[in-house]
Amino acid sequence: MSTGTRPALTRFVRFAPRVAVAAVAAVALAACGGGNDKAGSSAPAEAGGKSGAFPVTVQHKYGSTTIGSEPKRIVTLGLSDQDAVLALGIKPVGSVDWFKEEPYGKWPWTKDKWGSDTPDIVGERDEYNMEKIAALKPDLVIAQYSGMKKEQYDTLSKFTKVVAQPKGLPDYGASWQVMTRQIGTSLGKKAQAEKLITGIDADFGKVRDAHPGFATKTLAVADSFEAGKYSAFTKTDPKSIFFSELGFKLKPEIDKLAKPGWNAAELSAEKLNVLDVDRLVWVTSSTDANDRIKAEPLYKNLKVSKDKRDLFVPYQGPDIGAAFSFNTVLSIPYAIDEIVPLLTAVK
């Protein structure tokens, strides 16, 4: 299936009717009295105590939100927001589905963070179930890596605090650093968030120091889930950002080929020459997909293919592609550990 139809989407795109948020507003407000307490535990407040951290005001796409006291019950509506919240010591009570898998337990980088707790699934990507969210009685909704619409923000704001996607950036266009800072500020954990960011930056720095040759090489990330159709990810996609931070140079031509607002350039076989780079990373769903790509005559003619400088990485099993697709403070260390040995094995 096509990856470029909406920003930030991978092979797990599924289309569904948009929630009619205005119609559910009254139901959602009425539901605020319900809820459960199966998640939502938090780590101790930062030094200085709750009174020192709050109130905080967070700027975002739809204005600003002032949070008066430490939030306990968090719902994350960004596709990967739960990772930063977990890293900061809080288990969200609700989350959305992206990879058509429950966003807990499965991923090796979050398994220990969730433990036996599980959040309620309150939507799929940008399709939110307002009644479910309201029934959880959240005191904060976070939507950073999202495409939340204004009407959705307005509906949610009727019954809880909402921190929408970062201001001044396209939907799904904020870096993991920006989103982690936004989430850290919202939770009254700015110092802890900065420490996480510093640690991940150091991890990337160690790779660049150990492999200075990466900086001399161009790299592209691509996928293909239908014969004759290919996608190359732009510089704003988390996958490309991840490899850029490892030290590789990205190819500007890919960004020029992408439609405005898309995170990927859609390519026919005749345009595969844009993928003739020093290192080409295919993130794929199966060995069948790999074999199909390798068998494409126009692909076989590319130097990157002839020289075997292409790398085929699965999204899942092992979850390498998922890790650098999430590209969060939790998934990045796992992705680095898994992908760097594969990259250095390519001559």
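Of these, Ser268, Ser325, Ser244, which one is surrounded by fewer than 21 Cβ atoms within 10 Å (Cβ to Cβ), within 30 Å of Leu169 (Cα to Cα) and within 19 Å of the chain's Cα centre (by Cα)?
Ser244
Just wondering, is there one or more residues in region 278-290 that are in contact (Cβ under 8 Å) with a residue 60 or more places away in the chain and part of a loop (DSSP other than H, G, I, E, B)?
Yes, region 278-290 contains a residue that is in contact (Cβ under 8 Å) with a residue 60 or more places away in the chain and part of a loop (DSSP other than H, G, I, E, B).
Every residue in region 287-335 that is aliphatic (A, V, I, L, M) and more than 24 Å from Gln182 (Cα to Cα), please.
Listed by number, the residues that qualify are Ala289, Ile293, Ala295, Leu298, Leu302, Val304, Leu311, Val313, Ile320.
Being at pLDDT 95 or above, within 29 Å of Pro103 (Cβ to Cβ) and not in a helix (DSSP H, G or I) is true for just one of Ala323, Ala265, Ala335. Which residue is that?
Just one listed residue meets the conditions, Ala265.
Cβ-Cβ below 7 Å, separation at least six or inter-chain, first residue in region 108-130 and more than 19 Å from Ala322 (Cα to Cα) and at pLDDT 95 or above, second of a type in the set (S, T, N, Q) and part of a loop (DSSP other than H, G, I, E, B): which pairs?
Listed pairs, sorted by first residue: Val122/Asn129.
Among the residues of region 99-125, write down those that are touching a strand residue (DSSP E or B) at 6+ places or on another chain (Cβ under 8 Å), surrounded by 21 or more Cβ atoms within 10 Å (Cβ to Cβ) and part of a loop (DSSP other than H, G, I, E, B).
Pro103, Tyr104, Pro119, Arg125
Condition check: of a type outside the set (Phe, Trp, Tyr) and in contact with a Lys or Arg (Cβ under 8 Å, 6 or more places away or on another chain). Does Leu280 satisfy that?
Spelling it out, Leu280 is indeed of a type outside the set (Phe, Trp, Tyr) and in contact with a Lys or Arg (Cβ under 8 Å, 6 or more places away or on another chain).
The values are calculated or read from the model by the stated rules, or taken from the named source; none is laboratory data. Bear in mind that the values here come from a model prediction, so they are computed numbers and not experimental data. In this analysis, Cβ positions are derived from the backbone assuming ideal geometry, glycine residues included, and neighbour counts consider all displayed protein chains.
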